[in-house]
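Asks: Have a look at this one before I ask anything.
The values are calculated or read from the model by the stated rules, or taken from the named source; none is laboratory data. The shown structure was predicted, so the numbers you read here are calculated from the model rather than taken from an experiment. In this analysis, Cβ positions are derived from the backbone assuming ideal geometry, glycine residues included, and neighbour counts consider all displayed protein chains.
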Amino acid sequence: MSAECRPWAATWRTPTREARSETAAAVAPSPTSTCAPSHCAAAALTSASARATRGPATKPADHQALFEAGAELGASFINVIADDPDHSRARDTFGELAAQARPYGLRPVVEAMVYSQVRSIAEAIAVVDGSGGGVTVDPLHLFRFGGSVEQLRAIDRRMLLYFQICDAPLEPPHGLRRPSRLPRGQSLDIDDRALEARAARLLPGDGELPLADVVRAMPDDIPVSIEAPNQVLLEEIGPQEFARRARRSVDGLLQSR
C-alpha cells in the first residue's frame, strides 16, 4: 500500500457488544424528539462511513480491507479525501473506487477540505461526476475554504448522500491547546488548521457557524453525521458522556429546521 493511501480501516477494531450497546444507549433519541425522522435515525448511528485518503499512487484494488471492514461494520459510505493534484486522474481513480466498493454496499463520497488537493465544492463535484458516488458537506471545511450556504443549495440533490455537522469559531483559531495524543497514531506535528479539524472541533451550538442554514440547505431524507472530534474534551469527560452531549446537540439543531 502506498504511503499516500491510508485507509482508516487499517487501525479499526470491531467494538465489543457491550461497548456498542452503551454507545447506542448514549445516543438514542429521546421519546420526545421531534427532529426529522431520517436525520434522527442517522444520528442514532444507523448509518456509518469508512474513510480513505487517495493520492497520485492510489490503487483502488488496495482498498479491499477497507471495503470488508466497512461492510462488517454496517457502513453505507466511504468518505474519500482526494489528495491528487491531477483532478482528471483523481476522477478516474474515484470511478474505479466506486465500482469496486459497490458489491459491498458502499458508496464513496468526496469531502473537500482546504488542506487537500480538492478545496472547493466545485472541485469535489468534478471528481465525482458520473461515478455513482457523491459529495459530503462538512461545515468546518466549507467555511474554512471560503464556501457558502448558497453553494450547497446549488448541488445536484442526487449527489448529496449524507452530510456532517460540527461547530467552530467563524475565524480560524490560532495557538490551539494540544492534546496528549491523536487517534490512530496521527502525528501532532501539524498546523492549527489540521489540528482543529482532527481534534479540536466544537459540538453543534458551541461555536459560531451558521449550522441551521446548512441544515436547511440539505435534503430532508439524507443522514447526518456528527463529525466533531475534540480530543481534549473526550479525555476530560469520557466517550459515553461525549456521545450523550453530541446527541443532545444535534437533536436541538435538527429541531430548529
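Asks: Please go through region 115-127 and give me each residue that is buried (at least 19 other Cβ atoms within 10 Å of the Cβ) and either within 14 Å of Asp138 (Cα to Cα) or touching a Phe, Trp or Tyr at 6+ places or on another chain (Cβ under 7 Å) (or both), ordered by number.
Replies: Ser116, Val118, Ile121, Ala124, Val127, listed by residue number.
Asks: If Pro219 satisfies all but one of (1) within 15 Å of Phe163 (Cα to Cα); (2) touching a His at 6+ places or on another chain (Cβ under 7 Å), what's the number of the condition it fails?
Replies: (2)
Asks: Out of the residues in region 58-74 that are among the aliphatic types (A, V, I, L, M) and touching a helix residue (DSSP H, G or I) at 6+ places or on another chain (Cβ under 8 Å), which is nearest to Arg89 (Cα to Cα)?
Replies: Pass one, region 58-74, residues among the aliphatic types (A, V, I, L, M): 61, 65-66, 69, 71, 73.
Filter once more, keeping what is touching a helix residue (DSSP H, G or I) at 6+ places or on another chain (Cβ under 8 Å): 61, 65-66, 69, 71.
Numbers: Ala61: 16, Ala65: 23, Leu66: 21, Ala69: 26, Ala71: 27 Å.
Looking at residues that are among the aliphatic types (A, V, I, L, M) and touching a helix residue (DSSP H, G or I) at 6+ places or on another chain (Cβ under 8 Å), I get Ala61.
Asks: Determine which single condition Ala90 fails, assuming it passes every other condition in (1) in a loop (DSSP other than H, G, I, E, B); (2) more than 27 Å from Gly207 (Cβ to Cβ).
Replies: (1)
Asks: Taking region 113-136 as the region of interest, how many residues are in contact with a helix residue (DSSP H, G or I) (Cβ under 6 Å, 6 or more places away or on another chain) and either assigned to a strand (DSSP E or B) or farther than 18 Å from Asp84 by Cα (or both)?
Replies: 3
Asks: Give the residues of region 206-257 that are touching a residue at least 40 places away in the same chain (Cβ under 8 Å), of a type in the set (A, V, I, L, M) and within 18 Å of Glu196 (Cβ to Cβ), sorted by residue number.
Replies: Hits for region 206-257 are Leu209, Leu211, Val214, Ile226, Ala228, Val232, Ala246.
Conditions (1) touching a Lys or Arg at 6+ places or on another chain (Cβ under 9 Å); (2) at pLDDT 95 or above, marked per residue:
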| position | (1), (2) |
| --- | --- |
| Ile125 | no, yes |
| Pro139 | no, yes |
| Leu152 | no, yes |
| Pro179 | no, no |
| Gly207 | yes, yes |
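Asks: If you go through region 81-92 one residue at a time, do you hit one that is buried (at least 21 other Cβ atoms within 10 Å of the Cβ), under 15 Å from the mean Cα position of the chain (by Cα) and not basic (Lys, Arg)?
Replies: The answer is yes; a qualifying residue exists.
Asks: State yes or no: is Val137 surrounded by 15 or more Cβ atoms within 10 Å (Cβ to Cβ), on the phi < 0 side of the Ramachandran plot, touching a His at 6+ places or on another chain (Cβ under 7 Å) and among the β-branched types (Val, Ile, Thr)?
Replies: It is false that Val137 is surrounded by 15 or more Cβ atoms within 10 Å (Cβ to Cβ), on the phi < 0 side of the Ramachandran plot, touching a His at 6+ places or on another chain (Cβ under 7 Å) and among the β-branched types (Val, Ile, Thr).
Asks: Now for a separate question. Among the listed residues Leu170, Leu176, Leu161, Leu142, which satisfies the condition of being in contact with a Leu (Cβ under 6 Å, 6 or more places away or on another chain) and touching a residue at least 12 places away in the same chain (Cβ under 8 Å)?
Replies: Leu176
Asks: Within region 163-199, work out how many residues are among the hydroxyl-bearing types (Ser, Thr, Tyr) and within 24 Å of Ile78 (Cβ to Cβ).
Replies: Qualifying residue count for the region: 1.
Asks: Same structure again: List, please: which pairs have Cβ atoms under 9 Å, are six or more places apart or on different chains, and start with a residue in region 91-113 that is closer than 20 Å to Val137 by Cα and end with one that is assigned to a helix (DSSP H, G or I) and of a type in the set (Asp, Glu)?
Replies: These pairs meet every condition: Val110/Glu123; Ala112/Glu123.
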